[in-house]
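In what follows, a structure is listed as structure tokens, so that the remarks can point back to it.
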């Protein structure tokens, strides 16, 4: 998410070393730490060339999307937290999960539980209330389980190999950072503590992917959009930061499929696929979407792995599908 204030932000870039692209990152396991992903990277995705694209459902101000390993699709937006359902007539409907409504941003799941960052007491972009949804319930409903502290705009969220939740505070944070929420291994609804994993100066983190060996995030600062890999040391602390890609644009969310990061270029309205070694593997044309906020590869039974699901926010709206054009 990039409110207007973020486009005016300026500062001194965070001091990271631009190391050579280490073999470590090329060998990273092609999965999120907590949820093995068997989809083959770039398996027929249509980024450029002859692609078909259509809106699946017009939900306002969508921010993020997340597939469970079973193929259930959840969405966040400025009005609610949703589950996408087939409507029986060839289309889709959305089940609201947040009683009373409210904005939500990052979301991720573990077996049986969905986590979502949703509206707190600080206004429409204060997503400081961590909500949990029982995925085994016949009528799933979000329930607040933890209030994040010292956060301006909690956004990207993922699960680490240590079972902790990692959350970005940006892109308009007063003190941009990534925090770690320790989760009780016996009770996924019990958050034990919040600690700061890494701080940034003059750059604001947004999307987040966590693997066994690194955290990947999109940063914005001094007019530059950057995708970086932050190594996880043996003790779980933050290590060296490696720049994978830098361009003069505002980048939003990212997701990992196999050994490929799918990234939304919010400002230029395009998607791109990035290898863990920083190799640009493909991108859609300028203006393919209107301010895309997140992208994911499809999962059965709702979608095929060669289909891309994209949310739009601010000037754009709804959930979109991009796929190879029919022959």
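The values are calculated or read from the model by the stated rules, or taken from the named source; none is laboratory data. The model shown is predicted, which means the values in this text are computed figures rather than measured ones. Cβ: placed from backbone, ideal geometry, glycine included. Neighbour counts: every protein chain shown.
Among the residues of the range 164-172, is there at least one that is in a loop (DSSP other than H, G, I, E, B), over 22 Å from residue 236 (Cα atoms) and modelled with pLDDT of 95 or more? No, the range 164-172 contains no residue that is in a loop (DSSP other than H, G, I, E, B), over 22 Å from residue 236 (Cα atoms) and modelled with pLDDT of 95 or more.
Being on the phi > 0 side of the Ramachandran plot and in contact with a strand residue (DSSP E or B) (Cβ under 8 Å, 6 or more places away or on another chain) holds for only one residue in 202, 223, and it is 202. For the range 49-62, a residue qualifies if it is in a loop (DSSP other than H, G, I, E, B) and at pLDDT 90 or above, and the qualifying residues are 58, 59, 60, 61.
Considering the range 179-212, and only residues there that are in a strand (DSSP E or B) and in contact (Cβ under 8 Å) with a residue 60 or more places away in the chain, the residue that is farthest from the chain's Cα centre (by Cα) turns out to be 191.
Test each condition in (1) at pLDDT 95 or above; (2) closer than 22 Å to residue 62 by Cα; (3) assigned to a strand (DSSP E or B) for residue 155 and report the one that comes out false. Status for residue 155: all satisfied but (1). Here residue 32 passes the criteria (1) modelled with pLDDT under 85; (2) over 18 Å from residue 264 (Cβ atoms) except the one numbered (2). Please specify each residue of the range 239-249 satisfying the condition of being without any contact (Cβ under 8 Å) to a residue 60 or more places away in the chain and in a strand (DSSP E or B). Listed by number, the residues that qualify are 239, 245, 246, 247. State whether the residues of the range 123-135 include one that is more than 23 Å from residue 253 (Cα to Cα) and either touching a residue at least 12 places away in the same chain (Cβ under 8 Å) or surrounded by 19 or more Cβ atoms within 10 Å (Cβ to Cβ) (or both). Yes, the range 123-135 contains at least one residue that is more than 23 Å from residue 253 (Cα to Cα) and either touching a residue at least 12 places away in the same chain (Cβ under 8 Å) or surrounded by 19 or more Cβ atoms within 10 Å (Cβ to Cβ) (or both).
Being within 14 Å of residue 217 (Cβ to Cβ) and in a strand (DSSP E or B), is that true of even one residue in the range 270-281? Yes: the range 270-281 contains one or more residues that are within 14 Å of residue 217 (Cβ to Cβ) and in a strand (DSSP E or B).
Residues in the range 276-290 that are surrounded by fewer than 21 Cβ atoms within 10 Å (Cβ to Cβ) and in contact (Cβ under 8 Å) with a residue 60 or more places away in the chain: 277, 278, 281, 282, 283, 285, 288. Just to be sure, is residue 315 surrounded by fewer than 20 Cβ atoms within 10 Å (Cβ to Cβ) and within 21 Å of residue 225 (Cβ to Cβ)? When the stated conditions are applied, residue 315 passes them. Within the range 92-104, can one find any residue that is under 23 Å from residue 215 (Cα atoms), touching a residue at least 40 places away in the same chain (Cβ under 8 Å) and either crowded, with 23+ Cβ neighbours inside 10 Å or touching a strand residue (DSSP E or B) at 6+ places or on another chain (Cβ under 6 Å) (or both)? Scanning the range 92-104 turns up at least one residue that is under 23 Å from residue 215 (Cα atoms), touching a residue at least 40 places away in the same chain (Cβ under 8 Å) and either crowded, with 23+ Cβ neighbours inside 10 Å or touching a strand residue (DSSP E or B) at 6+ places or on another chain (Cβ under 6 Å) (or both). Can you find even one residue in the range 290-297 that is farther than 27 Å from residue 71 by Cβ and assigned to a strand (DSSP E or B)? Checking the range 290-297: not a single residue is farther than 27 Å from residue 71 by Cβ and assigned to a strand (DSSP E or B).
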